[in-house]
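Note sheet for the following structure.
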Amino acid sequence: MIVWINGAFGAGKTSAARELIELIPHSTFFDPEVIGGALPHLLPPKRLAEVSDYQDLPIWRRLVVDTAAALLAELGGVLVVPMTLLRQEYRDEIFGGLASRRIPVRHIVLTPDETILRARISGREVPPDLPDGDLRVRQWSFDHIEPYRAALAGWLGADAHRVDTSALTPRETAELLAEAVRTGSAPACDIVQTPEPTAETLAAGVLLFDEQDRVLLVDPTYKAGWEFPGGVVEPGEPPARAGVREVAEETGIRLRDELRLLVADWEPPKRPGYGGMRFLFDGGRLDSAEAHRVLLPGPELRDWRFVTEQEAAELLPPVRYERLRWALRARERGAALYLEAGVPLGGAPSGG
């Protein structure tokens with residue numbers, strides 16, 4: 001299990017975490033900032049210069065998941081992680097990666113009063129050997145108060161168990177956290193993720209359309225980016241039947257008609273993924289009543305919307321958008337397409 005302590009820079013996460021490991025038996029302290037500090041030794045300066053925050057580097061997020069999983073495999077027990085996460089897509093990626101390893105996460109956010117938070121930042125100690133450390137570190141913390149406030153008013157406030165630390169010492173904070181974990185008032189995050197593949201996988205997605213021919217996209221909680229309804233095909237399960245099952249599980253829509261194949265796309269392996277075959281089926285057009293009855297019955301999805309092809313290009317990762325683009329062309333032509341890495345074999349068909 002992981003106890004993830006979130007909050008603004010200066011909220012007292014690290015101090016509380018160090019106290020907490022004394023209160024939770026068999027617990028270990030893990031600070032992901034250690035990984036951030038190692039990146040200059042791993043990446044060329046040119047790559048580091050492309051971002052202002054190491055959290056924006058995919059390798060950092062991947063290493064956080066891998067290191068946390070390795071520590072738990074080595075030591076067992078509970079991992080206490082003090083780390084600010086203000087971007088929901090990064091929370092999705094990291095917590096989803098942990099969920100894929102069957103590691104539950106109890107997400108807690110420390111919420112001191114802003115005046116107290118600013119006072120703590122002003123008095124924060126910085127490494128003496130860091131050039132202009134006082135100015136740069138404190139200004140960095142001040143600059144992130146507004147993003148923290150916005151996250152707390154939105155996704156973070158809804159996702160994490162809040163603890164107001166305005167009048168608490170680090171020890172008192174840790175005692176409250178230990179009690180919240182013990183009693184379950186800080187429950188494990190309700191996030192679903194299939195185990196990480198160990199070989200190529202087979203997945204089926206379904207395109208559903210409204211009366212304006214817009215396509216339905218969903219926003220998963222366990223990974224970054226929008227997606228089509230669908231998922232991994234179970235062993236021995238026909239792909240079309242898997243698509244019907246996933247649509248029912250994710251949206252509550254029970255498809256009555258048989259699905260029509262639009263594209264079969266071979267996704268090449270790309271570390272750390274394994275790739276595999278990806279099918280997209282035409283699930284048909286929903287009437288207005290059906291479209292307004294879309295449900296999100298489980299913890300896998302947070303939102304849905306019908307979008308135009310142009311809007312989909314802004315929401316979908318490039319590889320998924322290319323798959324959608326060719327699926328729409330196949331739907332217009334009435335003939336399925338075979339793709340490799342999002343490109344029709346033999347080149348684009350006439351009219352594509």
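Things worth noting here:
- Considering segment 290-321, the residues that are at pLDDT 75 or above and closer than 15 Å to PHE209 by Cβ include one that is most open to solvent (accessible area, probe 1.4 Å), namely ARG305.
- Count of segment 256-268 residues which are within 28 Å of ASP213 (Cβ to Cβ) and surrounded by fewer than 20 Cβ atoms within 10 Å (Cβ to Cβ): 7
- Matching residues in segment 212-227 - criterion: being charged (D, E, K, R), open to solvent by 40 Å² or more (accessible area, probe 1.4 Å) and under 19 Å from ALA327 (Cβ atoms): ASP213, ARG214
- For segment 228-244, filtered to residues that are surrounded by fewer than 20 Cβ atoms within 10 Å (Cβ to Cβ) and under 23 Å from the mean Cα position of the chain (by Cα), the residue that is farthest from GLY284 (Cα to Cα) is GLU234.
- Counting the residues of segment 68-125 that are part of a strand (DSSP E or B) and open to solvent by less than 20 Å² (accessible area, probe 1.4 Å) gives 10.
- Flag for ARG271 being part of a strand (DSSP E or B), open to solvent by 60 Å² or more (accessible area, probe 1.4 Å) and either under 23 Å from ALA224 (Cβ atoms) or modelled with pLDDT of 85 or more (or both): no
- If you go through segment 190-230 and pick out every residue that is at pLDDT below 85 and either touching a helix residue (DSSP H, G or I) at 6+ places or on another chain (Cβ under 6 Å) or part of a loop (DSSP other than H, G, I, E, B) (or both), you end up with 16.
- Segment 53-74 residues that are at negative phi and in contact (Cβ under 8 Å) with a residue 24 or more places away in the chain, paired with ones that are part of a helix (DSSP H, G or I) and hydroxyl-bearing (Ser, Thr, Tyr) (beta carbon under 7 Å, 6 or more apart): GLN55/TYR90; TRP60/TYR54; ARG61/TYR90
Residues checked against (1) buried (at least 16 other Cβ atoms within 10 Å of the Cβ); (2) under 14 Å from LEU79 (Cα atoms):
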residue: PHE9; (1), (2): yes, no
residue: GLY12; (1), (2): yes, no
residue: SER15; (1), (2): yes, no
residue: LEU20; (1), (2): yes, yes
residue: THR28; (1), (2): yes, yes
residue: GLY37; (1), (2): no, no
residue: PRO40; (1), (2): no, no
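- Hey, ARG171 among the basic types (Lys, Arg), touching a residue at least 12 places away in the same chain (Cβ under 8 Å) and out of contact with any helix residue (DSSP H, G or I) (no Cβ under 6 Å at 6 or more places or on another chain) or not: no
- Yes/no for ARG61 being open to solvent by 60 Å² or more (accessible area, probe 1.4 Å), basic (Lys, Arg) and at pLDDT 90 or above: no
- The conditions of being hydrophobic (A, V, I, L, M, F, W, C) and either loosely packed, with under 15 Cβ neighbours inside 10 Å or without any contact (Cβ under 8 Å) to a residue 24 or more places away in the chain (or both) are met by ALA49.
The values are calculated or read from the model by the stated rules, or taken from the named source; none is laboratory data. Every value quoted in this text rests on a predicted model; they were computed, and no experiment measured them. Don't worry about glycine lacking a Cβ; one is built from the backbone with ideal geometry, like all the others, and counts go over all protein chains shown. To get the accessible areas, we keep the full protein, side chains included, count just its heavy atoms, and leave off ligands, DNA and RNA. Shrake-Rupley method; radii C 1.70, N 1.55, O 1.52, S 1.80 Å.
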